[in-house]
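Trainee: Dropping a structure here in structure tokens format, bear with me for questions.
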Amino acid sequence: AQSVTQLGSHVSVSEGALVLLRCNYSSSVPPYLFWYVQYPNQGLQLLLKYTSAATLVKGINGFEAEFKKSETSFHLTKPSAHMSDAAEYFCAVSEGGGSYIPTFGRGTSLIVHP
Amino acid sequence: ETGVTQSPTHLIKTRGQQVTLRCSSQSGHNTVSWYQQALGQGPQFIFQYYREEENGRGNFPPRFSGLQFPNYSSELNVNALELDDSALYLCASSPQGGGEGVEQYFGPGTRLTVT
């Protein structure tokens, strides 16, 4: 069975500082991994996804994530936070072999201070 | 290209009532998935429709049902509403049967409040 753990329900950074949002997954088969962002009163928007190609995945808005099989992690980073990055971030995992049914983490709220 | 749209945006219902939520998929997408997002939680998968057939279901009771139409739009119906059904309901569409690793495109959601 697949599962996702996002460490830290809230992460607070200063504008210009490094952003690091943590995601660990559990999967019995090689997974597909996703990061989504949700702004207030909006749906989810895909930031990036890992589908067994390069382990370092670059996404939109300067975000990237690295797949580390040995650590079962897929942490999201951005070198320099911007005020507009303040939002809720969700990590999701999907196992192959059937219909696409992703499991989402509980989310991490990113707070950016001026 | 029109994105995923959902209606209504907000809805207030009384416990025991029935509700229908609607979703129009993105152009060219034949797969629609529905999610329930309770306050402070991640989205929980309800079910998925592919070419008008249910193609997977999460851990939700039968009072949650759905339909997909020939134009690939979809409805989510919830009978006998309970207070815990209060949540944001998200619809997501995807192409190619929504297969492995395929990106889903989410609508803005319908906020349902059950009193």
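Trainee: I want the antiparallel fraction of DSSP beta bridges within chain A, as a percent rounded to 5.
Mentor: 90
Trainee: Hey, in the GNM for chain A with a 10 angstrom Cα cutoff, which one of A:P31, A:P79, A:P102 fluctuates hardest?
Mentor: The residue with the greatest mean-square fluctuation here is A:P79.
Trainee: Restricting to lysine pairs 8 or more places apart or on different chains, what number in the protein assembly as shown have Cα atoms under 25 Å apart?
Mentor: Value for the protein assembly as shown: 9.
Trainee: Something else: Set the Förster radius R0 to 25 Å, insert the Cβ-Cβ distance between B:S65 and B:R111 as r into 1/(1 + (r/R0)^6), and round the FRET efficiency to 0.05.
Mentor: 0.80
Trainee: So, counting K/R as plus one and D/E as minus one, what does the shell of residues with Cβ under 15 Å around A:G8 add up to?
Mentor: For residues surrounding A:G8, the net value is +1.
Trainee: For chain B, what's the relative contact order in percent, using C-alpha pairs closer than 8 Å and at least 6 residues apart?
Mentor: 37
Trainee: Something else: Please compute the average number of Cβ atoms from other chains found within 10 Å of each residue's Cβ in peptide A:82-93.
Mentor: Shielding by partners across A:82-93 averages 1.
Trainee: So, one more: Please name whichever of A:S52, A:F67, A:N41 sits farthest to the positive end of the charge dipole of the range A:3-95, dipole taken about the Cα centre and charges placed at Cβ: Lys and Arg +1, Asp and Glu -1.
Mentor: Sorting the options by dipole projection puts first A:S52.
Trainee: Can you send over the solvent-accessible area of A:K69, 1.4 Å probe, protein chains only, in Å² to the nearest 10?
Mentor: 150
Trainee: Here's something else I'd like to know. Gaussian network model of chain B, Cα springs within a sub-10 Å range: biggest mean-square fluctuation belongs to which of B:P62, B:P43, B:P95?
Mentor: Its mean-square fluctuation being the largest, the pick is B:P62.
Trainee: So, taking all protein chains as they sit and a 1.4 Å probe, how much accessible area belongs to A:I60, in Å² rounded to tens?
Mentor: Its accessible surface works out to 60 Å², give or take rounding.
Trainee: Per residue of A:40-46, how many C-beta atoms from partner chains lie within 10 Å of its own C-beta, taken as a mean?
Mentor: 6
Trainee: What are the ³J(HN,Hα) values, in whole Hz, obtained from phi via the Karplus relation 6.51 cos²θ - 1.76 cosθ + 1.60 with θ = phi - 60°, for each residue of the range B:43-54 in sequence order, with x given for Gly and Pro?
Mentor: Values, residue by residue: x, 10, 5, 9, 6, 10, 10, 10, 6, 6, 10, 5 Hz.
The values are calculated or read from the model by the stated rules, or taken from the named source; none is laboratory data. These numbers come from a predicted model, not from an experiment. Counting neighbours? That spans all protein chains shown, and the Cβs are built from the backbone with ideal geometry, glycine included. Please note that ligands, DNA and RNA were not included when accessible areas were found on the heavy atoms of the full protein model with its side chains. Shrake-Rupley method; radii C 1.70, N 1.55, O 1.52, S 1.80 Å.
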